[in-house]
Amino acid sequence: MKDKIAEKLKGLRASKNRDDVICILQNSSTPVSVEDIYEKIKKTNNKISLSTVYRIIEKLVNLGIVHKVTTLDDNKALYEIIKDSHTHHHYMICVKCKKMIPIDDCPVKELEKIIADKTGFNITGHKFELYGECENCARKDKK
Ligand SMILES: [Zn+2]
Ligand SMILES: [Zn+2]
């Protein structure tokens with residue numbers, strides 16, 4: 001996993017800032033925004049600026065190390081490390097508290113096969129999210 005990232009970074013200049021960003025993304029179980037990363041990084045690395053974090057993220061997306069997770073709220077882009085090209089996560093997103101809960105399995109994979117077989121379309125990826133209320137928010141509503 002680590003080696004895969006190292007492989008993609010091969011030939012690039014070493015960068016502590018970039019390593020810090022990757023480290024935060026790797027230690028986060030849910031997707032994070034650039035602002036979140038910046039807030040965390042600031043605690044140990046006071047030389048970094050928000051625009052630097054933006055630049056690093058953009059670069060990591062281009063390198064295929066990080067990908068952007070779409071959410072209902074388009075103004076807040078969230079990012080996560082691409083773990084393995086064959087396993088990926090989908091999320092249930094709470095519209096109230098914005099919590100993102102990963103779904104273990106990919107519910108689209110089977111459907112993808114069926115559609116590809118039927119149409120001959122070469123499917124290379126998909127996006128799938130569920131929106132609603134998390135357990136906590138749903139409970140609060142009932143009171
Ligand atoms: Zn919620
Ligand atoms: Zn999937």
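The values are calculated or read from the model by the stated rules, or taken from the named source; none is laboratory data. Predicted model only: the values in this text are computed from it and were never measured. In this analysis, Cβ positions are derived from the backbone assuming ideal geometry, glycine residues included, and neighbour counts consider all displayed protein chains. For the accessible areas, the whole protein counts, side chains as well, though only heavy atoms, and no ligand, DNA or RNA atoms are used. Shrake-Rupley method; radii C 1.70, N 1.55, O 1.52, S 1.80 Å.
Amide H contacts of VAL69: LEU78, TYR79, GLU80, each under 5 Å away and 5 or more positions distant or on a separate chain (H built 1.01 Å from N in the peptide plane; Pro and chain starts excluded).
Shown in residue order for the range 124-139 are the 3J(HN,Hα) couplings computed by the Karplus curve 6.51 cos²θ - 1.76 cosθ + 1.60 at θ = phi - 60°: 10, x, 7, 10, 8, 9, 10, 10, x, 10, 6, 3, 4, 5, 5, 5 Hz (x for Gly and Pro).
Solvent-accessible surface of the range 87-137, averaged per residue with a 1.4 angstrom probe and all protein chains in place: 74 square angstrom. From a point 7 Å beyond the Cα of HIS67 in the direction of its Cβ, which residues of the range 116-140 have a backbone N at a distance under 17 Å? Residues passing the 17 Å test: 122-130. Computed over protein heavy atoms with a 1.4 Å probe, the carbon and sulfur contribution to the accessible area of the chain reaches 52%. Measuring between alpha carbons in the structure, the pairs from LYS40/LYS113; LYS109/LYS142; LYS4/LYS96; LYS10/LYS40 lying more than 30 angstrom apart are LYS40/LYS113; LYS109/LYS142; LYS4/LYS96. For the modelled label position 7 Å from the Cα of ALA77 along Cα-to-Cβ, which residues of the range 12-38 have backbone nitrogen atoms closer than 15 Å? The answer is 32-38.
Note on TYR54 and ILE101: the model spin-label points, each 7 Å out from Cα along the C-beta direction, lie 3.4 nm apart.
Take each of the peptides 15-26, 124-135, 46-57, average the number of other beta-carbon atoms within 10 Å over its residues, and list them starting from the highest. Numbers along the way, then the final one.
Working: 15-26: 17.2, 124-135: 11.9, 46-57: 15.6.
Ranked by mean Cβ neighbours within 10 Å, highest first: 15-26, 46-57, 124-135.
Only protein heavy atoms count here; on that basis, with a 1.4 Å probe, TYR79 has an accessible area of about 30 Å².
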